[in-house]
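Here's the structure, in structure tokens; my notes come after.
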Amino acid sequence: MGGAKASLTGTVQDAFSGLKLWSGQVTLTRAGSPGRSTTLKGGVFELKDLAPGTYTLTINALFYKQLQKQVVITGGNVSVSEQLTPIFSREELDLLARLVHAESKGERYEGQVAVAATVLNRVKHPDYPNTLQGVIYQVVVSGGRRYYQYEPVLNGTIHAPASQTAKDAVADALAGWDPSLGATGFFAPAKVGKGSWVWSRTPTVTIGNHRFFK
């Protein structure tokens, strides 16, 4: 009986959208025993060769509140289905969706997800504010002039309601899809003069009418 081993498998989803999370860290601990860890891939995880007992399951994912709960392993395969709550409120995510709509409503879906991802990439980057509002409304003063990071904030189009497509794009980006390949900004080459500073930045990918950069 002491040699019987079990396994724990699970799925992890966004509590708002129901989308599976692309990545994350899963840890299983038990008093008197070394912890076991694995990564979340495509919303799924598995831990094998577990002794029966009561464990603490901890799941962490970027931009989500930590989940921690007790799991009883009795033998065989134990399966769990968990939901993580975003650290952002629904109002904050709607603000991001309105920005995505204003900036990329004419782009294909992948391009809209990429735009949302660049904003999230700024939130986690040390060179930018660490909140969605801070990133979206950031104004940089240089040479006595104020420079808005996003044109829709300057011209007011960010106040227009977001389309469902833009909302879906935000949900996909939050869950971990990043078609921008880690970019922190984007621009439309056809509309930006060669003298602009954005041309000096390292490009990551071009999707539709937007070039993404770090």
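The values are calculated or read from the model by the stated rules, or taken from the named source; none is laboratory data. Source: prediction; values computed, not measured. Neighbour counts are summed over all protein chains in view; Cβ atoms, including those assigned to glycine, are modelled from backbone coordinates with ideal geometry. With ligands, DNA and RNA removed, areas are computed over all heavy atoms of the protein, side chains included. Shrake-Rupley method; radii C 1.70, N 1.55, O 1.52, S 1.80 Å.
Six or more apart or on different chains, Cβ atoms under 9 Å: show the pairs whose first residue is in the stretch 185-208 and more than 16 Å from Gln149 (Cα to Cα) and whose second is open to solvent by 60 Å² or more (accessible area, probe 1.4 Å) and of a type in the set (Asp, Glu).
Ile207/Glu110; Gly208/Glu110
Scan the stretch 144-167 and tell me whether some residue there is free of Cβ contacts under 8 Å to residues at least 12 places away in the same chain, surrounded by fewer than 19 Cβ atoms within 10 Å (Cβ to Cβ), part of a loop (DSSP other than H, G, I, E, B) and of a type in the set (Ser, Thr, Tyr). Walk me through how you get there before you give the answer.
The first filter runs over the stretch 144-167 and keeps only residues free of Cβ contacts under 8 Å to residues at least 12 places away in the same chain, leaving 144-148, 154-156, 164.
Among the residues that remain, those that are also surrounded by fewer than 19 Cβ atoms within 10 Å (Cβ to Cβ) are: 144-148, 154-156, 164.
Subset that is part of a loop (DSSP other than H, G, I, E, B): 144, 156.
Those still in the list that are of a type in the set (Ser, Thr, Tyr) too: none.
Checked against the condition, which is being free of Cβ contacts under 8 Å to residues at least 12 places away in the same chain, surrounded by fewer than 19 Cβ atoms within 10 Å (Cβ to Cβ), part of a loop (DSSP other than H, G, I, E, B) and of a type in the set (Ser, Thr, Tyr), the stretch 144-167 yields no hits at all.
Is it the case that some residue within the stretch 46-54 is under 23 Å from Asn130 (Cβ atoms) and either of a type outside the set (Phe, Trp, Tyr) or touching a helix residue (DSSP H, G or I) at 6+ places or on another chain (Cβ under 6 Å) (or both)?
Of the stretch 46-54, the ones under 23 Å from Asn130 (Cβ atoms) are none.
Taking every residue of the stretch 46-54 in turn, none turns out to be under 23 Å from Asn130 (Cβ atoms) and either of a type outside the set (Phe, Trp, Tyr) or touching a helix residue (DSSP H, G or I) at 6+ places or on another chain (Cβ under 6 Å) (or both).
Could you please tell me which pairs satisfy a Cβ distance under 6 Å, a separation of 6+ or placement on different chains, a first residue in the stretch 38-50 that is under 17 Å from Trp177 (Cβ atoms), and a second residue that is surrounded by fewer than 20 Cβ atoms within 10 Å (Cβ to Cβ)?
So the pair list comes out as Leu40/Ser23; Gly43/Thr11; Gly43/Lys20; Val44/Thr11.
Just for the stretch 164-214: of the residues that are aromatic (Phe, Trp, Tyr) and out of contact with any Pro (no Cβ under 9 Å at 6 or more places or on another chain), which one is nearest to Ile136 (Cα to Cα)? Even if it seems obvious, please write down each step before you answer.
Of the residues in the stretch 164-214, the ones aromatic (Phe, Trp, Tyr) are 177, 186-187, 197, 199, 212-213.
Restricting the remaining residues to those that are out of contact with any Pro (no Cβ under 9 Å at 6 or more places or on another chain) gives 177, 186-187, 197.
On the way: Trp177: 20, Phe186: 14, Phe187: 15, Trp197: 19 Å.
By that ranking, first place goes to Phe186.
So Gly193 passes all but one of these: (1) open to solvent by less than 30 Å² (accessible area, probe 1.4 Å); (2) at pLDDT below 95. Which condition number does it fail?
Unmet condition: (1).
Picking from Ala162, Ala114, Ala169, Ala173, which residue would you name as being at pLDDT 95 or above, within 26 Å of Thr85 (Cα to Cα) and touching a strand residue (DSSP E or B) at 6+ places or on another chain (Cβ under 8 Å)?
Ala114
(1) open to solvent by 30 Å² or more (accessible area, probe 1.4 Å); (2) within 14 Å of Thr184 (Cα to Cα); (3) touching a residue at least 40 places away in the same chain (Cβ under 8 Å): which one isn't true of Pro129, the others all being true?
With (1) open to solvent by 30 Å² or more (accessible area, probe 1.4 Å); (2) within 14 Å of Thr184 (Cα to Cα); (3) touching a residue at least 40 places away in the same chain (Cβ under 8 Å) applied to Pro129, the lone miss is (3).
Is at least one residue of the stretch 107-116 over 25 Å from Val205 (Cβ atoms), assigned to a loop (DSSP other than H, G, I, E, B), open to solvent by 60 Å² or more (accessible area, probe 1.4 Å) and of a type outside the set (Asp, Glu)?
Here is the first cut: in the stretch 107-116, the ones over 25 Å from Val205 (Cβ atoms) are none.
Within the stretch 107-116 (the criterion being over 25 Å from Val205 (Cβ atoms), assigned to a loop (DSSP other than H, G, I, E, B), open to solvent by 60 Å² or more (accessible area, probe 1.4 Å) and of a type outside the set (Asp, Glu)), the answer is no, since none of the residues qualifies.
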